[in-house]
Amino acid sequence: MKKFFKRFSEKLVEGALFLSSSVTTFVVLLIVIFLFKEGLGVINEKTVEEGFVIAVNKNNRVNTISTEQIKNIFDQNITNWESLGGENDSIILFRIDDISNYYSDEQLGDTLQNIPYCISQLIDSIPEIIAFIPEKYTSKEFKGRVINSDIVTVSDFIGGKEWFPTAQPSAQFGILPLILGTLWVSLGAILIALPLGLATAIYLSEIASPKMRNVIKPLVELLSGIPSVVYGFFGLIVIVPMIQNVFGLPVGETGLAGSIVLGIMALPTIITISEDALRTTPREMKEASLALGANRWQTVLKVTIPYSASGITAAAILGIGRAIGETMAVLMVTGNAAVIPGGLLEPVRTIPATIAAELGETAHGGLHYKALFALGCILFIMTMVINLIVEYISSKRKTKVQ
Amino acid sequence: MKGKKIKYMKEALAFNLFRLMSLVVIIILFSILLFITVKGISVISWDFLTSMPEEGMTKGGIFPAIIGTLILVTGSILFAFPIGVLSGIYINEYAKDGFFKRFVKLMTNNLAGIPSIVFGLFGMSLFVNTLDFGDSIIAGSLTLGILTLPVVIRTTEEALKSVNNSFRLGSYALGATKLQTIRKVVLPMATPNIITGLILSIGRVSGETAPILFTVAAYFLPKLPSGIFDQVMALPYHLYVISTSGTEIEKSRPMAYGTALVLIAIVLIANLLANALRRYYGKKVKMN
């Protein structure tokens, strides 16, 4: 009986342990579900604000107006119907607030009950008008014509060149500038961090005395634990003004500042991982090289580095992955302009920074909210791919070492 | 003879270049620490640590932020430590090499690689909105806990791996069951390493900002929370707020330096504590 209990409790414990070990899988699954559930909602949504429509005179020849065109019309970048395929007439903009320019308070009625009628008549009487009005005013007697609103397509989302989610009347959800911004900043960071980090790793594993190593290693470890917001703060106080002075820029918050801060943050990761990789080189190999008359530098160059190349690659890719996902430091120093970066000396905006900066202001379940979750999905996919590449490289490496 | 000379000149050149670059790295890293410490140390006082922020966060202290961070760290480790340690034990001691083990490890690595802002989105979607916790300590703690989970699992795994297999075999030979072996032999030997790893992970969690942005952190809340469904202030978010969007950024600079120093101090203390533990237990194990 006692033996049975013992066995039973062993199995019970094993079961509990098994359940715990599947928690991570479960969580990853949940993350995917929740992220994509909210994020995919942005596709095929109308870009015109909910409850509003765009209407024109019914004799207007223009049938469809794209989201981008709507924005350009209301920003007065497009001012003639001809460029949209209509008559050669200038466009007259009408927003609901403009109604008092056309009608007196008396005409609108005491309780504004005549507004729908007035708008309908106005649109009927001005052939060049384009109106952004509430949907409820477009009832049966409405004499204008409602333009079917564009929807957010996948290619609009990924290939669109403008990110302006709060634009009225038509929000812009092109994430191309954000993707490019993220890649620019991350590549800049790795270009700074990789040479310095690799040099330090080689110094630590091949050149430094054990005493020196024992001093530097803990410092590097300590710095990998410092919160990103502190690095961001340092960047904001020291690096941003420095860049502003050195390059004589109006603002120092640029892609370069982001790259430098991220580069500094990536240093500890790159140093640690590449040093580990360098140290796995078997002693016999190095000794054989030295015995053949090669000096230490030749040994490092011809034996140690080629042997640990895959580990160093993994370090570099992992560094890029970290840089892509880094939020706070980048948010604080890059200036956050959502335009396609023309160079590292201009403000840029990355995907994580966009999410962090904008999510707080969005309405739950709204189009903007969903668009930010879609950004999260893109970020998730990017980092997942990077992880899998690292995983692949290191699994190959393991078989090689064995 | 000449070739030999060139060979050694090249070596000297390369090695000195590496020394120089390492020096640059060390100077950069060290100057960050030094800068924050020098600027922040004059701000730190008993008052700064124990009083409420005042006058639009330009005066007073950071007491609620410290308490908030403490609560969040505690909440997240209550979730992550038990599950993480148990999970690590299963992966290293029970799971057989094969598809399941590889899959679980892959998932753990993937979870570790997800950017912290994505955890923030997830926490907001699941805990704040779907489960309707609102912006609350429980939502923030769970989000942070999930973020820490892979770190705890890996730490435990590494610690268990470092226990020599002959101890397990010796225990089996004495007739102990698997569970007894793990409880009486493996775990006691691995505990110091597990604990050091856990302490380091506490240092990490206390500085995370992105996951708490939308799940718990309050912009300005000069009182202590009364339950797990309240919002709290937190140190990293507080630093972000007063250095970028406070009412008077220049005036709140000293507060920002002080907060940054406190954050660094937490990481530093965690590191020192971990190192001390490692050394203490290292000696003890050797003596036995």
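Among the listed residues A:ILE126, A:ILE78, A:ILE115, which satisfies the condition of being under 24 Å from A:LYS46 (Cα atoms) and not hydroxyl-bearing (Ser, Thr, Tyr)?
On inspection, the qualifying residue turns out to be A:ILE78.
Could you check region A:271-295 and list, in sequence order, the residues that are facing chain B (nearest Cβ under 10 Å) and either among the β-branched types (Val, Ile, Thr) or under 44 Å from the mean Cα position of the chain (by Cα) (or both)?
A:ILE271
Of all residues being in contact with a strand residue (DSSP E or B) (Cβ under 7 Å, 6 or more places away or on another chain) and over 13 Å from A:ILE151 (Cα atoms) in region A:29-52, which is farthest from the other protein chains (Cβ to nearest Cβ)? Just the residue, please.
Here the residue is A:PHE52.
Pick out the one residue from B:LEU13, B:LEU34 that is without any contact (Cβ under 8 Å) to a residue 24 or more places away in the chain, more than 10 Å from chain A (Cβ to nearest Cβ), part of a helix (DSSP H, G or I) and exposed (fewer than 15 other Cβ atoms within 10 Å of the Cβ). Steps first, answer last, please.
Details: B:LEU13 fails: more than 10 Å from chain A (Cβ to nearest Cβ).
Just one listed residue meets the conditions, B:LEU34.
Looking only at region A:361-374, filter to residues that are more than 9 Å from chain B (Cβ to nearest Cβ) and assigned to a helix (DSSP H, G or I); which one of those is farthest from B:PHE103 (Cα to Cα)?
Residue satisfying both the conditions and the ranking: A:GLU361.
Which ranges mark the helices (runs of 4 or more DSSP H) fully within region B:93-199 that have 1 or more residues being touching a strand residue (DSSP E or B) at 6+ places or on another chain (Cβ under 7 Å) and on the phi < 0 side of the Ramachandran plot?
Correct list: B:137-161.
Only residues that are in contact with a Phe, Trp or Tyr (Cβ under 8 Å, 6 or more places away or on another chain) and either away from every other protein chain (no Cβ under 11 Å) or free of Cβ contacts under 8 Å to residues at least 24 places away in the same chain (or both): list them for region B:37-55, please.
The first filter runs over region B:37-55 and keeps only residues in contact with a Phe, Trp or Tyr (Cβ under 8 Å, 6 or more places away or on another chain), leaving B:39-40, B:43, B:49-53.
Of everything in region B:37-55, those that are in contact with a Phe, Trp or Tyr (Cβ under 8 Å, 6 or more places away or on another chain) and either away from every other protein chain (no Cβ under 11 Å) or free of Cβ contacts under 8 Å to residues at least 24 places away in the same chain (or both) turn out to be B:VAL43, B:LEU49, B:THR50, B:SER51, B:MET52, B:PRO53.
Read through the list (1) within 10 Å of chain A (Cβ to nearest Cβ); (2) touching a residue at least 24 places away in the same chain (Cβ under 8 Å); (3) more than 20 Å from B:PHE79 (Cβ to Cβ), then give the number of the only condition that B:PRO150 fails.
Answer for B:PRO150: the failing condition is (3).
Scan region A:42-92 for residues that are among the basic types (Lys, Arg), surrounded by 16 or more Cβ atoms within 10 Å (Cβ to Cβ) and in a loop (DSSP other than H, G, I, E, B) and jot them down.
Our first condition is that a residue be among the basic types (Lys, Arg); within region A:42-92, this holds for A:46, A:58, A:61, A:71.
Checking the rest, the ones that are also surrounded by 16 or more Cβ atoms within 10 Å (Cβ to Cβ) come to A:46, A:71.
Those that are among the basic types (Lys, Arg), surrounded by 16 or more Cβ atoms within 10 Å (Cβ to Cβ) and in a loop (DSSP other than H, G, I, E, B): none in region A:42-92.
Quick one: which residue in B:SER166, B:SER171, B:SER76, B:SER162 is more than 10 Å from chain A (Cβ to nearest Cβ), loosely packed, with under 15 Cβ neighbours inside 10 Å and touching a helix residue (DSSP H, G or I) at 6+ places or on another chain (Cβ under 7 Å)?
On inspection, the qualifying residue turns out to be B:SER162.
Looking at region A:328-336, is at least one residue polar (S, T, N, Q), in the same structural domain as A:ALA201 (by TED's automatic domain parsing), outside any helix (DSSP H, G or I) and buried (at least 21 other Cβ atoms within 10 Å of the Cβ)?
Going residue by residue through region A:328-336, those that are polar (S, T, N, Q) are A:334, A:336.
Keeping just the survivors that are in the same structural domain as A:ALA201 (by TED's automatic domain parsing) gives A:334, A:336.
Going one step further and asking which of them are outside any helix (DSSP H, G or I), we end up with A:334, A:336.
When the remaining residues are screened for being buried (at least 21 other Cβ atoms within 10 Å of the Cβ), the result is A:334.
Checked against the condition, which is being polar (S, T, N, Q), in the same structural domain as A:ALA201 (by TED's automatic domain parsing), outside any helix (DSSP H, G or I) and buried (at least 21 other Cβ atoms within 10 Å of the Cβ), region A:328-336 yields at least one hit.
The values are calculated or read from the model by the stated rules, or taken from the named source; none is laboratory data. Because the structure is predicted, anything quoted here is derived from the model rather than measured. So basically every Cβ, Gly included, is an ideal-geometry build from the backbone, and we count neighbours across all protein chains shown.
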